[in-house]
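Just so you know, all these numbers are worked out from the coordinates, no wet-lab data involved. For clarity, every value in this text was computed on a predicted model and none was experimentally measured. All Cβ positions, glycine included, derive from the backbone under ideal geometry; neighbour counts span all protein chains shown.
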Amino acid sequence: MLMGQQTEQQAFDIARDCTKAHAIATAHQIVILTGAGLSAESGLSTFRHPEGIWSRYDYKDVATPEGFAKDPDLVHEFYNHRRAALKTVKPNAAHHALAHLEAAYPGHVLIVTQNVDHLHEAAGSKNVIHMHGQLLKALCTHCHKSHDWKEDMSTRSKCPSCGKKAAIRPDVVWFGEQPYAIDKIGQALLNCTLFFSIGTSGNVYPAANFVQVARNAGARTIELNVEATQQASLFDEKMIGPATTVVPLFIEGLIRSDGQRTKVHT
Ligand code: OAD
């Protein structure tokens, strides 16, 4: 175990403190924000690492409506590569632990992901909001329908619903566009008692603001990341280490300690 990472006992202690922090009779309402760091150990690149996606591409060229209008072929190529990469990746231990939490926990668990991959669902999570859209979906800019889409996309692709050509784009949210389900996310943040942020650098809004909203609503906040982020001071607890190590440890501790607490109160 590397310096600065949590041992099993420390993870359990942090999880127990989180569950003790609210003297509530019912189980927690948990909102979990996830970012690219969660899928890094599955083999998908993060964005802001020195060798990450934004070191190879200018986001203005490939992740804005203006970039798509200027050079749709480049944008399709960028997302085609990323969509093809999904064929070879699998959910990791952190995705599986989150799915286990949703299935085993007596409270409500909502995952809000900035990730456009399908790894939460592949691990078995059901209650997932893809606030930045999904690589495996296409959006028709003519009829506005979204469709499952596994193969390459191009300016010649035809909308399966309206038949229009040259109107298909990746169903992902670009800079300058409104993320999906923002009202539903806002409501969940106002109601949550625990908020975790996993593998996100906290650079992109509105997601970067969620911790503050959850804090203001009285939630206990925990950051799980391989390093402390620029937002670290906003979190009550930090667990430093690779997601595949710290997330399963923390979740196991949470389920165990909340089970103990529930027994005490009933
Ligand atoms: P970033 O690349 O900005 O941040 C990834 C975070 O994950 C960093 O804080 C890393 O330290 C951390 N990390 C890396 N490997 C990890 C591991 N194995 N375990 C735990 N943490 C790890 O990615 P995001 O914060 O997800 O948006 O980026 C947010 C948005 O910016 C993306 O959704 C995308 C991007 O531009 C759009 O394209 C609209």
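Report the rotationally averaged projected area of region 105-263 based on its alpha-carbon convex hull, in square nanometres.
Mean projected area of the Cα convex hull: 10.9 nm².
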Net charge around Ala97, counting only other residues with Cβ within less than 14 Å of its Cβ (Lys, Arg = +1; Asp, Glu = -1)? -3
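Efficiency by 1/(1 + (r/R0)^6): what FRET value for Tyr205 and Ala228, r their Cβ-Cβ distance, R0 = 35 Å, to the nearest 0.05?
With a Förster radius of 35 Å, E is 0.95.
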Note, Thr46: beta-carbon cut-off 13 Å, +1 each Lys/Arg, -1 each Asp/Glu, net -1
Glu151 paired with Gln9, simple spin-label distance in nm, labels 7 Å along Cα-to-beta-carbon: 5.8 nm
Antiparallel DSSP beta bridges within the chain, as percent of all bridges there, nearest 5: 25 percent
Can you give the extra length, in nm with one decimal, that the chain gains between Cys162 and Thr88 once fully stretched, where that is 0.36 nm per residue apart less the Cα-Cα distance? 23.5 nm
Using only alpha carbons, build the gyration tensor for region 92-140 and give me the equivalent ellipsoid semi-axes, biggest first, whole Å. 21, 12, 8
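Please report Ile30, Ile129 as a ranked list, fewest other C-beta atoms within 10 angstrom at the top and most at the bottom.
Ile129, Ile30
Rounded to the nearest 0.05, what FRET efficiency do Glu77 and Gln212 give with R0 = 30 Å and r taken as the Cβ-Cβ distance? Could you check?
Taking R0 as 30 Å, the efficiency between Glu77 and Gln212 is 0.20.
Give me the number: length gained by fully extending His144 to Arg56, i.e. 0.36 nm times residue separation minus the C-alpha to C-alpha distance, one decimal in nm.
28.6 nm
Can you tell me what percent of all Cα-Cα pairs in the chain are more than 28 Å apart? Numbers along the way, then the final one.
Numbers: 12653 of 35245 pairs.
Looking at the chain, the distances longer than 28 Å represent 36 percent of pairs.
Once every DSSP H run of n ≥ 4 in the chain is given -39500 (n - 2.57) and the sum is divided by its residues, what mean residue ellipticity at 222 nm do you get, rounded to the nearest 500 deg cm²/dmol? Show your work: numbers first, answer last.
Details: 11 runs with 103 residues, N = 266.
The helix-only estimate for the chain comes to -11000 deg cm²/dmol at 222 nm.
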Relative packing of peptides 58-65, 39-46 - highest average C-beta neighbours within 10 Å first: 39-46, 58-65
Excluding same-chain pairs closer than 8 in sequence, count the lysine pairs in region 134-225 whose Cα atoms lie under 15 Å apart. 7
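In region 137-242, what percentage of the DSSP-assigned beta bridges are antiparallel, given to the nearest 5?
About 45 percent, rounded to the nearest 5.
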Diffusion coefficient, µm² s⁻¹, Stokes-Einstein with Kirkwood Rh over alpha-carbon pairs of region 171-228 at 37 °C and 0.692 mPa s: 267 µm²/s
Compute for region 120-171: radius of gyration divided by Kirkwood radius, i.e. Rg/Rh, restricted to C-alpha atoms, rounded to two decimals. 1.04
